[in-house]
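Heads up: the structure comes next, in structure tokens.
Throughout, read-outs are computed from the coordinates displayed, never taken from laboratory work. Fair warning: this is a prediction, and the values are worked out from it, not measured in the lab. For neighbour counting, all protein chains shown are included, and Cβ atoms are generated from backbone atoms with ideal geometry for every residue, glycine included.
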Amino acid sequence: RQRAQIINYAQLKDIMLQNVSKSSTKTFTQYTKANIINYLKSPYTNLDNIRAVSQFLYRVSMIYKKIIEYTAQMPLFYYNISYKYDLSKGLQLDAFNKVYYDLCARMQVIDFKKEFSQIIATALRDGIYNGFIYDNEEDGFMIQPLDPKYCKVSGISQEGQYIIKFNASYFDNGNNKEYLYGANEDGEGTWDQVFIDGYETYKNDGRDFMWFELPPERTICILAGDDYEMPLPYYVNLFISLLDLIDLEQIIADKTELENYVLLVSKIPLIENSGEVDDFAVSLDMVRATQSLINEAVPSLVGTAFTPCDLDVVTFTKSDQADNTDKLAQSMSNLFSNMGVTELVVSGGHSTNATGLRHSIQVDEAMALRFVDKLESWVNYYIKYNITENAIFKFHPITYFSQKEYIEGLAAAMAS
């Protein structure tokens, strides 16, 4: 079996998706409901745009961010490893111990909680996670995330794992070619030879070779759903509601600021009975100088002006803050109801219905554990093609919320 590449971990820190040696800037699009409605009319052709909307919401909506992280961080990824051994061939204890120890040591290096929580979060946000494996038997293990814009599912292995292809045109963008050949093409690139071979084939043989297949035993592909042809972000149907909530928060904030605004007007005195137009009792230079001192003294929510005209006082009616809060709370409640997730995920409050809360969390756990099942299947596939065919890897179906009950259940089963 081909093992994942043995790499120099002194260079591993350089395997990044950005070149930190060069200055760069990023700008983000402000998406509207009209954008989203238009994208969803043709989701297949707008898949990259829909993912960009999801990434935008992940940055600007704390609710969306916490919902995704709530699901992603729920599993604890405790695991068990069993080893199949054919006793009919006789027990060779030293050989058995060596293989089993090697397997356990390789798994111990992987930070499942960190790596796999990130995979779940990315799959929920983008609809799919694609990664390339770098593995060093002595030093460590790393999954390099790949931009889904440049990946597509090309097949399914007999074990049910997705096979992915990568778009070589990625390296024609900006300074991305440096990942292959180093800065100024000095030969010190850090991405795997697989990408170099794919890119050079594309440059030599043309666009028919733009998409090249990555070795299945060195890749991981996890979908949020089951549609590999159009892997949409998991919560795509809630994007408009999330934007509505952001808009409502801004409206309430703007309204509150307006209600607290004060305008101070200085009236310039005129000489009485002068009969002349614009016959001021003080010079305009004095008015401007005095006004400048006033401007420096007033706080930010106080505006100033001077005028020779009489003005009516304009006031901004104070709204009922409780009413504004109720509207915002109702909008949030509707959003969580549509999600099917408990609102306490972001509020951190206390439920008045402990039984209802427990059942709601159990539904959320079932969703998170579906991802755990997919990841468990991939780990067994990875072990089979990189370490040994005789192992059975199993994640315990345990989450942050269920760990106490699960451990108590195991203890009771062992005692019986």
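Would you mind counting up the charge near ARG370? Only other residues with Cβ under 14 Å from its Cβ, with Lys and Arg at +1 and Asp and Glu at -1. Neighbourhood net charge equals -4. Past 26 Å, Cα to Cα, is the threshold; run LYS66/LYS384; LYS65/LYS114; LYS84/LYS152; LYS65/LYS149; LYS152/LYS203 against it and keep the listed order. The pairs that break the limit, which is 26 Å between Cα atoms, are LYS66/LYS384; LYS84/LYS152. For PHE141, the amide hydrogen comes within under 5 Å of the amide hydrogens of ASN136, counting only partners 5 or more places away or on other chains and with H modelled in the peptide plane.
Computed over the Cα atoms of the stretch 39-191, pair by distinct pair, the Kirkwood hydrodynamic radius stands at 19.2 angstrom.
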